[in-house]
Amino acid sequence: MAELTTIARPYAEALYQVACKGDVAAWRQQIEALSQVAQNQQVRQFADSPKALDDQVVDLVTAAAQLPLETGVQNFLRMLVANGRLVALPAIAEQFHALVNASSGVADAVVYSPYPIEPAQLADVVSSLEKRFGRKLSASVVLEPELIGGIRVVVGDEVLDTSVKARLERMKVALSA
């Protein structure tokens, strides 16, 4: 994993520098779609096959992404395939995402909830969390029924856990001490 991260860093930085000259949001979406395709085991097996030509791999990944790709993104994909680095694409996408967030002052927040959260409620929660964490947040919701109630929020390496499950665990520890 650390090796992929090391390989991915220069690619992500170069990709980000080129993307800044155009529509970064569109590049981000396209790179994320390509990353999802590159994580597919069958695509990886095909790409690693000595019988598969680079153009065939690029065509397969492009078709599976189901998005029209910018010329720069197409060239990037061709270069990755030609260098046998398709396996690093998910790590590249992750680092590219981090670079985009860092430049815009936004952090990703994952909100774990036992129940679906309505968009209006999520906006209120994000507003409160932005004050709590002191930065703009881009939130996504993950359903986790075992929390029972409340929410758990993860922003980078910070965790805010107000779930019923966490409260019960704290009570258990306090009572058994």
Seminar exercise, completed: Hits for the chain under the membrane-span-like helix rule (DSSP H, Cα axial span at least 15 Å, Kyte-Doolittle mean at least -0.5) are 2-19, 24-38, 54-65, 71-82, 89-104, 119-133, 164-176
For this session: Compute the FRET efficiency between ARG167 and GLN66 as 1/(1 + (r/R0)^6), taking r as their Cβ-Cβ distance and R0 = 35 Å, and round to the nearest 0.05.
Result: 0.20
Exercise. In segment 39-89, which trypsin sites (Lys or Arg not before Pro) are in a loop and have at most 14 other Cβ atoms within 10 Å, using DSSP for the loop call?
Worked result: LYS51
Seminar exercise, completed: Which residues qualify? For ILE151, with a placed amide H closer than 5 Å and at least 5 residues away or on another chain, they are THR162, SER163
For this session: Would you be so kind as to identify which of THR162, LEU143, LEU122 lies farthest towards the positive end of the dipole of segment 99-177, taking Lys and Arg as +1 and Asp and Glu as -1 on Cβ and the Cα centre as origin?
Result: THR162
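About its Cα centre, how strong a charge dipole does segment 46-177 have in debye, to the nearest 20, once Lys and Arg get +1 and Asp and Glu get -1 at the Cβ?
Charge dipole, segment 46-177, about its Cα centre: 460 debye, nearest 20.
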Seminar exercise, completed: The long-range amide H neighbours of VAL141, using H built 1.01 Å from N in the peptide plane and a cut-off of under 5 Å, are VAL111
Exercise. Quick one: Debye curve from the C-alpha atoms of the chain, no solvent, what's log10 I(q)/I(0) at q = 0.14 Å⁻¹?
Worked result: -0.87
Exercise. Normalised by the number of residues in segment 136-177, what is the relative contact order in percent for Cα pairs under 8 Å and 6+ residues apart?
Worked result: 30
Exercise. From the residues ALA63, GLN39, GLN74, which one has its Cα farthest along the dipole of segment 37-172 in the positive direction, the dipole being from +1 and -1 charges on Cβ of Lys/Arg and Asp/Glu about the Cα centre?
Worked result: GLN39
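Where a number appears in this text, it was derived from the coordinates with a stated rule and is not lab data. Note that the coordinates shown come from a computational prediction; the quantities given were computed from them, not determined experimentally. Counting neighbours? That spans all protein chains shown, and the Cβs are built from the backbone with ideal geometry, glycine included.
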